[in-house]
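What follows is a set of notes on a single structure, which appears directly below.
Quick note: the coordinates plus some simple rules give every number you see, no bench work behind them. Just so it is clear, the structure is predicted and the values come from calculations on it, not from any experiment. Counting neighbours? That spans all protein chains shown, and the Cβs are built from the backbone with ideal geometry, glycine included.
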Amino acid sequence: MGDNTSKPITLRTLQRFTAHGDRFACLTAYDATTARHLERAGIPLLLVGDTAAEMVLGLQGTIHAPLELLLMLTAAVKRGAPKTFVMGDMPFMSYQCDEAEGIRNAGRFLTEGTADAVKIEVDGTFTGLVSQMTRAGIPVCAHIGSRPQRAKHDGGYIAAGRTKSEAARIVEDAIRLEDAGACLLLIEATPAEVSEEIVRRTSVPVIGCGAGPACHGQIVVTQDIFGLTEWQPAFAKPVADIASAIQAAAIRWKTMVTAADLGEHPYTMADESQNAT
């Protein structure tokens, strides 16, 4: 994918990637313009993450992402990248309180947000919700391992599955959630051995976020690898220094303005005599 004649990326496309052993790249996106360029670069999957709370709104933590904002951003990303598989991230308290409310909110991501799937941070106790969403026709990506929406409960962002018992529980969660109907799994911040076992014991596409190379797909926050954030997780080291390019362009514009060096003005007065009757 990378040109306007390519076919849309669907869940079946991701499943074929997995069956053929083809790795696929994933990134976050929060606006139509960025999404358009990421689609042109051939990125097959974009996540409209609740990290928008931090990247877009400047808030401390993903739990502050408003549902209505994420719905609007998801629709914007899909408009910018219509052929890309776009996944909407269900924010904190949009699905945890009540299954019926969670299903309705997930449905809004598909209808209002035009998403191709929703992502929810869960463990094995959420199999009922995943099953009900699947029954309603909602493609679900189950996010397991480290779950940022639980950061306050856990005392901060921490890696998961670092003991044998915890690793075994995460693997069991993955199996249970696939059995419940999850069509994608996302594993965050675990030792490589955990994702290796999950890939071995499940059949759906597995996306890693700092979970090791065994995963079929890999996702990071776009701003992290573009060098736009003040701090990046160890698994998302910058591959570009776009921050410097933005600052240099802004300095150049400031210099042009202060020097009144804006080039030839594009607008002139109309010749009223030509319009006379």
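Tell me, what HN-Hα J-couplings in whole Hz come from the Karplus equation 6.51 cos²θ - 1.76 cosθ + 1.60 at θ = phi - 60° for each residue of the stretch 22-34, using x for Gly and Pro?
Going residue by residue, I get 8, 6, 9, 8, 10, 9, 8, 8, 9, 8, 5, 5, 4 Hz, with x marking Gly and Pro.
So if a site counts as exposed when it's one of the GluC sites (Glu not before Pro), its DSSP state isn't H, G, I, E or B, and it has at most 14 other Cβ atoms within 10 Å, what's the longest stretch of the chain without one?
113-229
Hey, can you grab everything whose amide H is under 5 Å from the amide H of Ala211? Only 5+ residues off in sequence or another chain; H modelled, so Pro and N-termini drop out.
Counting only residues 5 or more places away or on other chains, the set is Ala189, Thr190.
How large is the convex hull of the C-alpha atoms of the stretch 123-165 per residue, in Å³?
Working: hull volume 4.0 nm³, N = 43.
Once divided by residue count, the hull of the stretch 123-165 is 93 Å³.
Run the numbers on the chain and let me know its relative contact order in percent, using alpha-carbon pairs under 8 Å that are six or more apart. If you can, show how the numbers build up before the last one.
Details: 511 pairs, mean separation 38.5, N = 277.
It rounds to 14 percent for the chain.
Looking at the chain, which longest stretch skips every one of the trypsin sites (Lys or Arg not before Pro) that is in a DSSP loop with at most 15 other Cβ atoms within 10 Å, leaving the sites themselves out?
In the chain, the maximal stretch lacking such sites is 24-161.
Give me D for the stretch 145-277 in µm² s⁻¹, whole number, from Stokes-Einstein with Rh from the Kirkwood sum over alpha-carbon pairs, 4 °C and 1.567 mPa s.
Rounded, D is 69 µm²/s.
Taking only DSSP H segments of four or more residues, each worth -39500 (n - 2.57), what value at 222 nm results for the chain once the sum is divided by all its residues, to the nearest 500 deg cm²/dmol? Write down the numbers at each step before the final one.
Values: 11 runs with 111 residues, N = 277.
Calculated at 222 nm, the ellipticity per residue is -12000 deg cm²/dmol.
The stretch 174-277: which chymotrypsin sites (Phe, Trp or Tyr not before Pro) are DSSP loop and have at most 11 other beta-carbon atoms within 10 angstrom?
The qualifying sites are Trp231, Tyr267.
Just to confirm my numbers, what's the Cα centroid distance between the stretch 224-244 and the stretch 144-202 in Å?
Using only Cα atoms, the two centres lie 25 Å from each other.
Excluding Thr229 itself, what net charge comes from residues whose Cβ is under 14 Å from its Cβ, given Lys and Arg +1 and Asp and Glu -1?
With Lys, Arg at +1 and Asp, Glu at -1, the net is -3.
Express the relative contact order of the stretch 214-265 as a whole percentage, based on alpha carbon pairs under 8 Å and six or more residues apart in sequence.
For the stretch 214-265, the relative contact order is 24 percent.
May I ask for the Rg/Rh ratio of the chain, computed from Cα atoms with Rh as the Kirkwood radius, given to two decimals? Provide the component values of the computation, followed by the final result.
Values: Rg = 21.8 Å, Rh = 20.1 Å.
Rg divided by Rh gives 1.08.
If the only charges are +1 at each Lys and Arg Cβ and -1 at each Asp and Glu Cβ, what is the size of the charge dipole of the stretch 1-151 around the Cα centre, to the nearest 20 debye?
Around 540 debye, computed over the stretch 1-151.
Can you pull the Kirkwood radius for the stretch 54-178, inverse mean 1/r over Cα pairs, to one decimal in Å?
For the stretch 54-178, the Kirkwood estimate is 15.3 Å.
With θ set to phi - 60°, apply the Karplus curve 6.51 cos²θ - 1.76 cosθ + 1.60 along the stretch 44-57 and write out the HN-Hα couplings as whole Hz, x wherever there is a Gly or Pro.
My calculation for the stretch 44-57 gives x, 9, 10, 10, 8, x, 5, 5, 4, 4, 8, 6, 9, 9 Hz in order.
Please report the spacing between the Cα centers of the stretch 1-61 and the stretch 71-93 in Å, no decimals.
9
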